[in-house]
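Asker: Structure provided below as structure tokens; questions to follow.
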Amino acid sequence: MNLAEQNQLKRAAAESAAALVQDGMILGLGTGSTAALFIQALSRRLAADGLRIKGIPTSSNTEDLARSLGIPLSSFAENAQIDLTVDGADEIERGTVCLIKGRGGALLREKIVAAASQRMVVIADETKLVDRLGSLVSVPVEVVRFGWQATARNLAKIGGNPSLRLGNDETPYVTDGGNFIMDCAFGPIAEPKEVAHQLDHVVGVIEHGLFLGYASEAIVAGREGLKTYIRSGN
Ligand code: 5RP
């Protein structure tokens, strides 16, 4: 699939999610190219239908985009709960709608927002669908900078085969929270809950990109059209 076609599919999924937004909602605004298309579609809906919503962004990039489009923003200081979050993903497991997220580096804020959401809808093109998490991408793991080499050794012990993410200038990539990311190549993961549990217990790990049980549905655009996958079994 070429980039133009993939973008067209991402846009179709984003437009479909924008139709779910209702007046008065508090919205979680995801990060990445697909989420950006949703935010653009949302701004068109706000203008066309006069909806009053407030968004809680999952990254400084998303915050900048939303502000530039005039989307009203809010925070957890004013809201305990989010009605609907729309976000992209790097992998979506068919059936369970479990995810790998964080290639865009925003996994920590994305998970905080997802955990506070009544409904999380994932939008993607069909290249993100997998039968087993870890088949296409590594699991991003956000770690504190201090002692990251020690944390990396412990991630290796649980089979993570970690590599420190670098930015364009070949220096370590730094997240919005000021931390590093270790991309952990577990390969196809048979027991995601077990791996998530292990990651949760590595000292120095702040959060990881296994999103298990957060998304209620995924809107996936493919050559055959849009398909909605509903969470089951977790
Ligand atoms: C950022 C993310 C993104 O949602 C994920 O990387 C998908 O991005 P894109 O829509 O650009 O493929 O998790 O941390």
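Asker: Among Leu73, Leu29, Leu9, which is the only one that is in the same structural domain as Ser117 (by TED's automatic domain parsing) and either surrounded by fewer than 16 Cβ atoms within 10 Å (Cβ to Cβ) or more than 14 Å from the ligand (Cβ to nearest atom) (or both)? Spell out the reasoning first.
Answerer: On the way: Leu29 fails: either surrounded by fewer than 16 Cβ atoms within 10 Å (Cβ to Cβ) or more than 14 Å from the ligand (Cβ to nearest atom) (or both); Leu9 fails: either surrounded by fewer than 16 Cβ atoms within 10 Å (Cβ to Cβ) or more than 14 Å from the ligand (Cβ to nearest atom) (or both).
That would be Leu73, the only listed residue that is in the same structural domain as Ser117 (by TED's automatic domain parsing) and either surrounded by fewer than 16 Cβ atoms within 10 Å (Cβ to Cβ) or more than 14 Å from the ligand (Cβ to nearest atom) (or both).
Asker: Residues that are in the same structural domain as Leu27 (by TED's automatic domain parsing) and away from the ligand (no atom under 16 Å from the Cβ): does region 55-65 have at least one?
Answerer: Initial filter on region 55-65 (in the same structural domain as Leu27 (by TED's automatic domain parsing)): 55-65.
Those left that are additionally away from the ligand (no atom under 16 Å from the Cβ): none.
No, every residue in region 55-65 fails to be in the same structural domain as Leu27 (by TED's automatic domain parsing) and away from the ligand (no atom under 16 Å from the Cβ).
Asker: Quick check on Asp87: is it assigned by TED's automatic domain parsing to the domain that holds Gln118 and open to solvent by 30 Å² or more (accessible area, probe 1.4 Å)?
Answerer: Numbers: assigned by TED's automatic domain parsing to the domain that holds Gln118: yes; open to solvent by 30 Å² or more (accessible area, probe 1.4 Å): no.
No.
Asker: Just the residues that are assigned to a helix (DSSP H, G or I) and open to solvent by less than 20 Å² (accessible area, probe 1.4 Å), please, taken from region 12-25.
Answerer: Step one: filter region 12-25 for residues assigned to a helix (DSSP H, G or I), giving 12-18.
Ala13, Ala14, Ala17, Ala18, listed by residue number.
Asker: Would you check if His201 is open to solvent by less than 40 Å² (accessible area, probe 1.4 Å), out of contact with any Lys or Arg (no Cβ under 7 Å at 6 or more places or on another chain), at pLDDT 95 or above and not β-branched (Val, Ile, Thr)?
Answerer: On the way: open to solvent by less than 40 Å² (accessible area, probe 1.4 Å): no; out of contact with any Lys or Arg (no Cβ under 7 Å at 6 or more places or on another chain): yes; at pLDDT 95 or above: yes; not β-branched (Val, Ile, Thr): yes.
Answer is no for this residue.
Asker: For region 124-163, which residues satisfy the criterion of being part of a strand (DSSP E or B), under 21 Å from Thr96 (Cβ atoms) and either more than 16 Å from the ligand (Cβ to nearest atom) or open to solvent by 40 Å² or more (accessible area, probe 1.4 Å) (or both)? Give the steps one after another, and end with the answer.
Answerer: Initially, region 124-163 is screened for residues part of a strand (DSSP E or B), giving 124-125, 129-130, 139-143, 162-163.
Then drop every residue that is not under 21 Å from Thr96 (Cβ atoms), which leaves 124-125, 129-130, 139-141.
Listed by number, the list is empty, since nothing qualifies.
Asker: When you check Ala115 against the structure, is it open to solvent by 10 Å² or more (accessible area, probe 1.4 Å) and within 26 Å of Val195 (Cα to Cα), yes or no? Let's see the steps before the verdict.
Answerer: Details: open to solvent by 10 Å² or more (accessible area, probe 1.4 Å): yes; within 26 Å of Val195 (Cα to Cα): yes.
So Ala115 fits the description; yes.
The values are calculated or read from the model by the stated rules, or taken from the named source; none is laboratory data. Everything quoted here is computed from the prediction, not taken from an experiment. Positions of Cβ are backbone-derived with ideal geometry, glycine not excepted, and every protein chain shown enters the neighbour counts. Note: areas computed on protein heavy atoms with side chains; ligands, DNA, RNA excluded. Shrake-Rupley method; radii C 1.70, N 1.55, O 1.52, S 1.80 Å.
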